Amino acid sequence: MSIYLDNSATTKICPEALKKYVEVSESDYGNPSSLHAMGLDAEKLLDAARREILLSVKDAASRVVFTASGSEANNLAILGRAFAKERYRRGAKIITTDGEHASVSSPLTKLRELGYKVVNISTRGGAIDLEQLKAELTNDVILVTVMMVNNETGALYDTASVKRLMADSCPDAYLHIDATQSYLKLPFTKRGSGADMITISSHKIEGPKGMGALIIDPAIIKARGLSPIIMGGGQEMGLRSGTENVPAVAAFGEAVRIGFANLTSRYEKLSALRSYLIERLTSTEALSSISITNPESHAPHILNITLPNIKSETMLHYLSAAGIYVSSGSACSSNTSAVSSALIAYGRTPAEADSSLRISFSHRNEMSDVDALCDALASGITRLARIKR
């Protein structure tokens, strides 16, 4: 038995994307910057993938810059904005939240060291503190960067309200949204989200690993409001040099096409799986000691639970031995000993955060997978608690 419930870490590449990757690798291996026919064919594949992405967020006018990951796209949005104008280096302000992914918090830490003002807004209980945000939205703000869905708690943040507050206090600032965990998991549009820039990632939506993108409002390009962080041949409108990974881009576009066409049905299935898991956890006596992190506004595919005095790593290995794969936190930080900042920001204690598991669903999962997980959790709690005594 093998049950994969770690889909926020990565997803299995879909057959259509895999087929496209192989086809392009074998037949369309020209450099898209070359002027001959094979180069033009490769460029057409890039353009086709861009169109699929923009169609999925219902904004044909925006630009898409391909990167090697969602992390790189986040870095481009943040560092690229910070370094866009010389005057920003004299202490411009950037606002974020206290539970962001490391690919957002780490470049912001570096900017703070360089003299930029960085402010963290509270997300306690799974919601952005809009009153705190409003107080911090001064005219020296150049960027607000927030995730749409928290990768560990599943909290869904109200980014549209963030943008409305920005319009009143700092209309020239940009809103960057890390949509890595929300893109093609729940319906949204670029306009509805309020975003000026959106980060997405291929391997989170059944595309290949090593591929991400930053969706950029054309006004940013026109104002030269973003500076490249990788320089060289000037590919991707000069914002991301390096020969594009055409097979991965084409496969990414195929995964977007398939995911967008099935968004509604997949959203409904993910929501049903999450609801059923909560039902099983709350109605099974052997699982009654588990605490559920269940923000009022949430994504359909993520649920974080806290175990009764059992470290998450211990239970993770117990489940893994039974062929059930979950996460003890963000996959990008799983090789560190730090307690989850997202769970602490939500309101969990360090001890609770150290005993928490993240279950994240795919449309490929079934209700029987939830039953198997709950049965294994029940036996694990009994056995591990007995060993601990």
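Across the stretch 19-30, the qualifying residues are those that are assigned to a helix (DSSP H, G or I) and small (Gly, Ala, Ser), and the one among them that is nearest to residue 254 (Cα to Cα) is 25.
Just one of (1) part of a helix (DSSP H, G or I); (2) buried (at least 21 other Cβ atoms within 10 Å of the Cβ); (3) at pLDDT 95 or above fails for residue 16. It is (2). Residues in the stretch 108-124 include at least one that is closer than 19 Å to residue 214 by Cβ and either part of a strand (DSSP E or B) or out of contact with any strand residue (DSSP E or B) (no Cβ under 8 Å at 6 or more places or on another chain) (or both). Looking at the structure I just gave you, is residue 104 under 21 Å from residue 73 (Cβ atoms) and either surrounded by fewer than 16 Cβ atoms within 10 Å (Cβ to Cβ) or not hydroxyl-bearing (Ser, Thr, Tyr) (or both)? Against the criterion (under 21 Å from residue 73 (Cβ atoms) and either surrounded by fewer than 16 Cβ atoms within 10 Å (Cβ to Cβ) or not hydroxyl-bearing (Ser, Thr, Tyr) (or both)), residue 104 qualifies.
The set of residues in the stretch 31-74 that are over 22 Å from the mean Cα position of the chain (by Cα) and touching a residue at least 24 places away in the same chain (Cβ under 8 Å) comprises 31, 32, 33, 42, 45, 46, 48, 61.
If the condition is being among the small types (Gly, Ala, Ser) and either in a loop (DSSP other than H, G, I, E, B) or surrounded by 22 or more Cβ atoms within 10 Å (Cβ to Cβ) (or both), then the stretch 228-278 contributes 232, 233, 234, 241, 242, 248, 250, 251, 253, 255, 259. Scanning for something in contact (Cβ under 8 Å) with a residue 40 or more places away in the chain and under 28 Å from residue 186 (Cα atoms), does the stretch 106-121 turn up at least one residue? Within the stretch 106-121, not a single residue is in contact (Cβ under 8 Å) with a residue 40 or more places away in the chain and under 28 Å from residue 186 (Cα atoms). In summary, strands (runs of 3 or more DSSP E) completely within the stretch 129-227 and bearing 2 or more residues that are among the polar types (S, T, N, Q) occur at 197-201. As for the stretch 316-335, it holds at least one residue that is modelled with pLDDT of 95 or more, touching a Lys or Arg at 6+ places or on another chain (Cβ under 9 Å) and either assigned by TED's automatic domain parsing to the domain that holds residue 180 or part of a helix (DSSP H, G or I) (or both).
The values are calculated or read from the model by the stated rules, or taken from the named source; none is laboratory data. Keep in mind that this is a model prediction, so the values were computed, not measured. Every residue, glycine as well, gets a Cβ built from its backbone with ideal geometry; the counts of neighbours run over all protein chains shown.
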